[in-house]
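Read the structure below first, then the notes.
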Amino acid sequence: MDVFGGRWKDHPQRIAQAWREVVGEEDLVLVPGDISWAMKLDEAADDLRYMGELPGRKVMIRGNHDYWWQSIGKVRRALPASVSAIQNDFIHIAGEWAICGTRGWTLPQHPEFTQDDSRLLEREVARLELSLKAASKAGLVPLITMIHYPPAPATGSSTGFTDLMDAFGVRLCVYGHLHGEAGRHAVAGLHRSVRYRLVACDAIGFRPVYVGRTDEAGRLEVSDDEQFV
């Protein structure tokens, strides 16, 4: 990522150092895509190992540059023990809570949106619905959703993604994809019942941000703090 400017200089070392400063082994870390530039699964081994060696339990989804992400079965077999992947399903957090997610896609508001984008967008909305329904069928509340692409325009207006999250009781949506000046197009804050947070690495200073905690009774509290630290 160094080719995208000085802010990315030594980013793997900076991420690892900041991660170890704030993440404990009992913590859960959400990683919303773009994990490796590799084109094939075996070529992503070093990047997956890097993530696996960091503290905590990691949950990830696919980003638009994760070309190495092939069949989910093969991906899961290649993941370190501390890393899980979501695709058309969910991850149980604690108590009655679950994390759902999908990659997402370009929204119709983009000036270069095409008919092909429309088809891919519909597929990704359907995949999010599968994920949310899977959690609901298991008797869980899909409290958090991860999407790689922004799920709504900066205004927070409704999309297929936001309608699903509203319907299933999602309270927090984290996403990435937008880097540098593109961050001005980020949807943020509370829209209807869901709080949206852009957590692309350069948007948060390459340092994991706190989004919630579980108490001793297993209840989950989602942070309303918009300050990235």
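The values are calculated or read from the model by the stated rules, or taken from the named source; none is laboratory data. Keep in mind the model is a prediction, meaning the values are calculated, not measured. Cβ placement follows ideal geometry from the backbone for every residue including glycine, while neighbour counts extend to all protein chains displayed. SASA here: full protein model, heavy atoms, side chains in, ligands and nucleic acids out. Shrake-Rupley method; radii C 1.70, N 1.55, O 1.52, S 1.80 Å.
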Output the antiparallel fraction of DSSP beta bridges having both residues in the chain, as a percent to the nearest 5.
30 percent
Distance in nm between A182 and H92 label points, each 7 Å along Cα→Cβ, equals 3.6 nm
Which shape class applies to the stretch 113-173: rounded if a/c is under 1.5, otherwise prolate when a/b exceeds b/c and oblate if not, where a ≥ b ≥ c are the square roots of the Cα gyration tensor eigenvalues?
oblate
With DSSP loop assignment and no more than 15 other C-beta atoms within 10 Å, the trypsin sites (Lys or Arg not before Pro) in the stretch 33-141 are K40
Determine, from the Cβ-Cβ distance of K9 and A81 and an R0 of 30 Å, the FRET efficiency 1/(1 + (r/R0)^6), rounded to the nearest 0.05.
0.45
Most mobile of V22, V125, V209 in a GNM of the chain (Cα contacts under 10 Å)
V22
Checking Y210, Y175, Y149 against a Gaussian network model of the chain (alpha-carbon springs below 10 Å), the top fluctuating residue turns out to be Y210
Let's see if you can work this out: charge +1 on each Lys and Arg Cβ, -1 on each Asp and Glu Cβ, no other charges. What is the dipole magnitude of the stretch 88-229 about its Cα centre, in debye to the nearest 20?
160 debye
Pull out the extension gain between Y67 and A18, defined as 0.36 nm times the separation in residues minus the alpha carbon to alpha carbon distance; nm, one decimal.
14.9 nm
In the chain, carbon and sulfur make up what percent of the accessible area (probe 1.4 Å)?
51 percent
How large is the accessible surface per residue of the chain, computed with a 1.4 Å probe and reported in Å² as a whole number?
50 Å²
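What FRET efficiency do you get for E25 and E122 if R0 is 35 Å and r is their Cβ-Cβ distance, rounded to the nearest 0.05? Write down the numbers at each step before the final one.
Working: r = 40 Å, r/R0 = 1.14.
Approximately 0.30, to the nearest 0.05.
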Note to self: C-alpha centroids of the stretch 1-60 and the stretch 153-183 sit apart, in Å, by 23 Å
Binning every alpha carbon pair distance of the stretch 32-169 at 10 Å from zero, what are the percents per bin?
12, 40, 34, 14, 0
Kirkwood Rh, angstrom, the stretch 6-100 [1 / mean 1/r, Cα pairs]:
14.1 Å
In the chain, lysine pairs closer than 30 Å at Cα, eight or more apart or cross-chain:
9
With a ≥ b ≥ c the root eigenvalues of the C-alpha gyration tensor of the stretch 116-229, is it rounded (a/c under 1.5), prolate (a/b larger than b/c) or oblate?
oblate
Highest GNM mean-square fluctuation, the chain, Cα pairs closer than 10 Å: which of L30, L164, L172?
L164
How high is the FRET efficiency from R49 to T214, r the C-beta distance, R0 25 Å, rounded to 0.05?
0.35
